[in-house]
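Note sheet for the following structure.
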Amino acid sequence: MNLAPAKWIWLPSERCLPNTFVLFRCELDLSAPPRKATGWLTADSRYKLTVNGQRVQWGPAPSDPRWPEVDPCDITGLLRPGRNVIGVEVCYFGAGDGTWAMGAPGFICKLEVDHQVIVSDRSWRTYLDRAHRPGMYRRWFLRALQEEFDARLHPVGWDTPEYQPGAQWVPAMELRGSATTPAIFAGGPEYLLGADDASQQTAAGQITPPIPPALRPRSIPLLRETIVAAERVETGRVTWHRDPNDWFESRMPGCFSIAPDPTVAGAVPAPNEGFYFTYRLPEQMVGFPRLCIEAPAGTIVELIVRESHDPLNGPRWLDTYIFHWTRFICREGVNEFETFDFESFRWLQLHVRNAARPVTIREVGCRRRHYPWPHRAEIKCAEPALQRLFEASINTLHNSCQETVVDGMGRERQQYSGDVGHQLHAVRAAFGDTKLSARYLTTFSQGLTLDGFFLDCWPGYDRLARLMQRQMGATIWGPILDHGIGFVFDCWNYRMETGDRAALEEPYPRLQRFARYLAGLRQADGLLPVENLGIPSVWIDHHAYRHQRHKQCAFNLYAAAMLQHALAPLAELFGDDPAPARQLGRELQTATVARFWNQQERVFVIGDDRLCDRSLATAILFDQCPGGDTAAAARALVDCPPTMGLSYPANAVWRYWALAKIERTDVIVRDLRTKWATMNSVIHNNTLQENWETTLDGGDQFSHCPLAPLVMLYHCLAGIRPTTAGYATCEIAPRLADLGDLELVAHTPRGPIRLRAAGDTVHITVPPDCAAVLVRPDGSRHPISGATTVRRRGDF
């Protein structure tokens with residue numbers, strides 16, 4: 001994008017501390033309401049746009065700092081005759097975050113109001129908002145902003161026409177950067193990184209990127225925001241034995257005691273006392289916690305959020321995990337507070353102290369963020385517990401797939417492949433959305449290192465920090481090579497389920513480079529190592545393995561399958577020779593069989609007489625068992641003997657896909673009933689949890705990414721899979737086991753596929769230009785078109 005003649009601008013300054021907030025104000029006089037007022041804007045690191053004091057949007061989406069996406073805006077209906085004010089509040093993180101890798105302070109904007117062009121330049125007024133103290137410490141490793149907001153220092157109404165800026169408002173400083181390049185190269189007063197634009201330098205040793213840094217238009221829709229009210233469930237007193245900052249800053253023991261008390265509403269806390277008010281949302285959601293409080297000046301409110309909580313047996317105090325608190329300090333009278341950054345939570349607690357008179361609290365809740373899916377999910381199951389499970393799966397997607405595709409918004413808020421990428425199957429089938437998947441392919445692939453492996457949670461800060469830590473031997477975590485393998489599968493799955501090629505053009509060369517990197521890792525025995533890799537690491541799973549060496553079998557089978565069944569067909573798609581990928585895949589498979597196939601047991605043994613679900617599932621799915629001898633592997637996946645390691649929930653899809661291939665969906669349905677529908681998160685939060693066993697008030701995420709229930713519903717129980725790209729042809733193989741009546745819609749590029757199982761029949765409707773084949777359990781194949789009804793028992 002070229003936003004010229006707009007300029008990158010910032011507060012006139014030579015240094016910008018972390019977590020600095022700058023207010024930008026532009027006045028606009030109009031003789032009549034505009035017919036059209038649209039444009040583009042972005043900022044580093046995050047902005048909030050208002051017009052005449054009304055919130056418009058928050059952004060931008062997490063992006064690679066070399067290719068940030070610029071947000072569109074439409075403010076047509078908010079402008080009026082006379083004086084108008086466009087306000088932009090910008091926070092520069094300065095320190096790395098799960099949603100922000102690095103950058104430099106800056107704001108740029110270009111608007112067209114009818115025939116008038118409004119651009120960011122020296123005409124904008126700027127203000128250093130000390131209501132947020134510049135230089136505030138970060139929350140934790142992957143949260144940049146520990147927010148403290150003092151309303152007494154904030155210019156009230158600064159973004160409204162009635163406000164009159166004083167001498168503290170100064171003309172913006174224009175930065176030297178181009179209106180086509182990102183903020184990190186704009187020359188703002190960044191001082192922690194010492195970043196500079198090296199893309200055009202030709203000094204010895206400098207590597208010029210094949211795609212130069214540039215601004216890009218936003219590739220997904222803006223998120224929607226809705227207000228959700230919370231319900232108050234408990235009140236009480238907190239007696240402070242030390243300065244409260246000893247707790248909030250340092251978590252020193254013995255700081256306070258706490259007890260419930262229903263009489264605190266309308267009371268005044270003692271000097272060493274605070275009152276707490278605990279609230280509950282209808283379900284777990286992602287958004288901006290908010291409240292309204294009428295209080296005397298200087299009243300302090302600590303807002304604490306929590307994913308899970310047991311109000312009967314859990315701790316009264318909710319600030320027990322990675323510092324999920326925000327501090328607000330009241331001005332006199334009515335204060336409307338909302339956190340600047342979003343959270344993932346169901347429980348919210350207010351701790352009120354330093355109030356000289358009774359306070360009134362109201363409108364506690366959340367400004368929820370939603371991706372605007374093109375279709376709503378349509379799933380109806382006759383079993384209430386399974387219906388609740390599927391609804392919890394849908395709500396989990398609302399939380400974890402917004403602008404990036406993340407594991408969980410409550411902790412890292414980072415985009416991964418591997419276990420996290422499975423969500424995209426459900427996104428495409430349940431909602432019919434492809435834009436989020438396409439953006440994921442682009443942004444994840446941009447994290448390819450110069451060495452050829454992926455920074456697997458890109459565009460987040462995590463793996464940048466791990467590069468240093470791995471070098472120093474200070475962490476077991478490094479860029480995850482198996483997630484890079486999973487990403488190649490993500491690309492191929494996207495091609496098959498959408499038919500789109502364009503979104504693969506940028507990632508594809510990076511996939512080939514990654515394959516060459518893997519080839520260079522092979523040992524003398526022909527296998528890829530899983531130990532002593534230097535900076536990268538191999539994860540695969542953390543539940544299924546007792547020792548790191550036990551992962552080598554699964555890792556090599558996984559890589560062999562990727563090379564033959566994902567990278568090779570992608571090479572054909574782009575006119576390249578697929579033979580090298582297939583050959584390397586065959587060699588890895590042969591070496592893995594030689595090392596791990598047990599001739600006596602007829603199964604892959606990963607070491608110390610142990611099995612793992614991942615190796616066995618991969619071998620069945622991609623026909624890697626010698627001579628097609630899958631009986632022992634199939635038996636182990638069904639029976640799960642004590643010697644077999646089982647993956648954690650987000651990786652359970654591999655075992656279930658393999659069970660479906662061997663016609664054992666009865667085991668899948670049994671697990672959905674007994675292992676999934678009974679999860680604490682499903683029952684309490686309407687979400688899917690991180691681990692099989694999760695306790696309320698614990699450290700595990702209650703809204704994570706294990707979307708196996710939805711993936712299995714579409715792929716294995718309904719049995720809907722494309723056989724050529726974009727569902728030009730597809731298979732439908734319903735395998736419902738003893739599941740009761742079921743209705744669902746699977747969205748495809750050619751239209752919806754509808755399945756309704758009622759009583760003894762299954763009704764299937766396919767789009768007109770989709771050549772579908774019904775696959776019966778005996779393997780026979782029968783073309784179907786339009787609407788078809790088959791017998792459930794007998795035919796299936």
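Check region 756-763 and report whether any residue there is open to solvent by less than 10 Å² (accessible area, probe 1.4 Å) and under 24 Å from the mean Cα position of the chain (by Cα).
Within region 756-763, the first condition is being open to solvent by less than 10 Å² (accessible area, probe 1.4 Å), and the residues that meet it are 757, 762.
Restricting the remaining residues to those that are under 24 Å from the mean Cα position of the chain (by Cα) gives none.
No: zero hits.
Only one of the numbered conditions (1) closer than 19 Å to residue 551 by Cβ; (2) open to solvent by less than 30 Å² (accessible area, probe 1.4 Å); (3) not small (Gly, Ala, Ser) is violated by residue 476, and that is (2). Residue check: is residue 86 among the β-branched types (Val, Ile, Thr), part of a strand (DSSP E or B) and surrounded by fewer than 19 Cβ atoms within 10 Å (Cβ to Cβ)? No. Of the set (1) on the phi > 0 side of the Ramachandran plot; (2) without any contact (Cβ under 8 Å) to a residue 24 or more places away in the chain; (3) in contact with a strand residue (DSSP E or B) (Cβ under 9 Å, 6 or more places away or on another chain), all apply to residue 499 but (2). Scanning region 22-68 for residues that are open to solvent by 20 Å² or more (accessible area, probe 1.4 Å), among the charged types (D, E, K, R) and in contact with a Lys or Arg (Cβ under 8 Å, 6 or more places away or on another chain) turns up 27, 29, 48, 55. Tell me yes or no: at least one residue of region 528-549 is assigned to a helix (DSSP H, G or I) and of a type outside the set (Phe, Trp, Tyr). Within region 528-549 (the criterion being assigned to a helix (DSSP H, G or I) and of a type outside the set (Phe, Trp, Tyr)), the answer is yes, since at least one residue qualifies. The requirement of being among the basic types (Lys, Arg) and in a loop (DSSP other than H, G, I, E, B) is fulfilled somewhere in region 411-424, by at least one residue.
Look at region 545-570: where a residue is free of Cβ contacts under 8 Å to residues at least 40 places away in the same chain and a partner is buried (at least 24 other Cβ atoms within 10 Å of the Cβ) and of a type in the set (Gly, Ala, Ser), sitting 6+ places away or on another chain with Cβ atoms under 7 Å, you get 568/581.
Of the residues making up region 617-672, those that are under 33 Å from the mean Cα position of the chain (by Cα) and among the hydroxyl-bearing types (Ser, Thr, Tyr) are 618, 647, 648, 656, 665. The set of residues in region 459-473 that are open to solvent by 10 Å² or more (accessible area, probe 1.4 Å) and outside any helix (DSSP H, G or I) comprises 461, 473. State yes or no: is residue 194 over 26 Å from the mean Cα position of the chain (by Cα), small (Gly, Ala, Ser) and modelled with pLDDT under 95? Judged against the criteria, residue 194 is a match. Would you be able to say whether some residue in region 595-615 is buried (at least 22 other Cβ atoms within 10 Å of the Cβ), among the polar types (S, T, N, Q), within 13 Å of residue 661 (Cα to Cα) and out of contact with any His (no Cβ under 7 Å at 6 or more places or on another chain)? No, region 595-615 contains no residue that is buried (at least 22 other Cβ atoms within 10 Å of the Cβ), among the polar types (S, T, N, Q), within 13 Å of residue 661 (Cα to Cα) and out of contact with any His (no Cβ under 7 Å at 6 or more places or on another chain).
Among the hydroxyl-bearing types (Ser, Thr, Tyr) and in contact with a helix residue (DSSP H, G or I) (Cβ under 9 Å, 6 or more places away or on another chain), is that true of residue 137? In short, yes. Close Cβ contacts (under 9 Å, 6 or more residues apart or on different chains) running from residues in region 211-238 that are on the phi < 0 side of the Ramachandran plot to residues that are open to solvent by 70 Å² or more (accessible area, probe 1.4 Å) and of a type in the set (Val, Ile, Thr) comprise 235/263.
So which residues in region 1-45 are among the small types (Gly, Ala, Ser), in contact with a Cys (Cβ under 7 Å, 6 or more places away or on another chain) and not in a loop (DSSP other than H, G, I, E, B)?
Within region 1-45, just 39 meets the criteria.
In region 376-406, what residues are assigned to a loop (DSSP other than H, G, I, E, B) and touching an Asp or Glu at 6+ places or on another chain (Cβ under 8 Å)? 378, 382, listed by residue number. Among the residues of region 479-486, is there at least one that is under 28 Å from residue 542 (Cα atoms), part of a loop (DSSP other than H, G, I, E, B) and modelled with pLDDT under 95? No, region 479-486 contains no residue that is under 28 Å from residue 542 (Cα atoms), part of a loop (DSSP other than H, G, I, E, B) and modelled with pLDDT under 95.
Listed by first and then second residue, the pairs with beta-carbon distance under 7 Å, at least 6 apart or on different chains, first residue in region 594-609 and within 19 Å of residue 548 (Cα to Cα), second assigned to a loop (DSSP other than H, G, I, E, B) and not polar (S, T, N, Q), are 595/525; 595/527; 596/605; 596/606.
Condition check ((1) crowded, with 23+ Cβ neighbours inside 10 Å; (2) touching a strand residue (DSSP E or B) at 6+ places or on another chain (Cβ under 9 Å); (3) assigned to a strand (DSSP E or B); (4) modelled with pLDDT under 95) across all residues:
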| site | (1), (2), (3), (4) |
| --- | --- |
| 334 | no, yes, yes, no |
| 340 | no, yes, no, no |
| 345 | yes, yes, yes, no |
| 355 | no, yes, no, no |
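Select from region 358-373 the residues that are in contact with a strand residue (DSSP E or B) (Cβ under 8 Å, 6 or more places away or on another chain) and either surrounded by fewer than 18 Cβ atoms within 10 Å (Cβ to Cβ) or aliphatic (A, V, I, L, M) (or both) and list them in ascending order. Across region 358-373, the qualifying residues are 359, 360, 361, 362, 363, 364, 370, 372. If you go through region 494-511 and keep only what is of a type outside the set (Ser, Thr, Tyr), open to solvent by less than 40 Å² (accessible area, probe 1.4 Å) and not in a loop (DSSP other than H, G, I, E, B), you end up with 496, 497, 503, 504, 507, 510, 511. Annotation note: Cβ proximity below 6 Å between a residue of region 14-26 that is closer than 14 Å to residue 49 by Cβ and a residue that is outside any loop (DSSP other than H, G, I, E, B) and open to solvent by 10 Å² or more (accessible area, probe 1.4 Å) (sequence gap 6+ or interchain) occurs for 23/89; 23/127; 25/125. Looking at residue 508, is it of a type in the set (Ser, Thr, Tyr), at pLDDT 95 or above and over 24 Å from the mean Cα position of the chain (by Cα)? Answer is no for this residue.
One residue stands out among those in region 657-677 that are of a type outside the set (Lys, Arg) and free of Cβ contacts under 8 Å to residues at least 40 places away in the same chain: the one that is farthest from residue 635 (Cα to Cα), which is 674.
Could you say whether any residue in region 545-554 is over 27 Å from residue 450 (Cα atoms), crowded, with 22+ Cβ neighbours inside 10 Å, modelled with pLDDT of 95 or more and over 30 Å from the mean Cα position of the chain (by Cα)? Checking region 545-554: not a single residue is over 27 Å from residue 450 (Cα atoms), crowded, with 22+ Cβ neighbours inside 10 Å, modelled with pLDDT of 95 or more and over 30 Å from the mean Cα position of the chain (by Cα).
The values are calculated or read from the model by the stated rules, or taken from the named source; none is laboratory data. Please read these numbers as outputs of a predicted model, since none were measured by experiment. Here Cβ is always computed from backbone atoms with ideal geometry, including for glycine, and neighbour counts include all displayed protein chains. Just the protein is used for accessible areas: all its heavy atoms, side chains included, with ligands, DNA and RNA removed. Shrake-Rupley method; radii C 1.70, N 1.55, O 1.52, S 1.80 Å.
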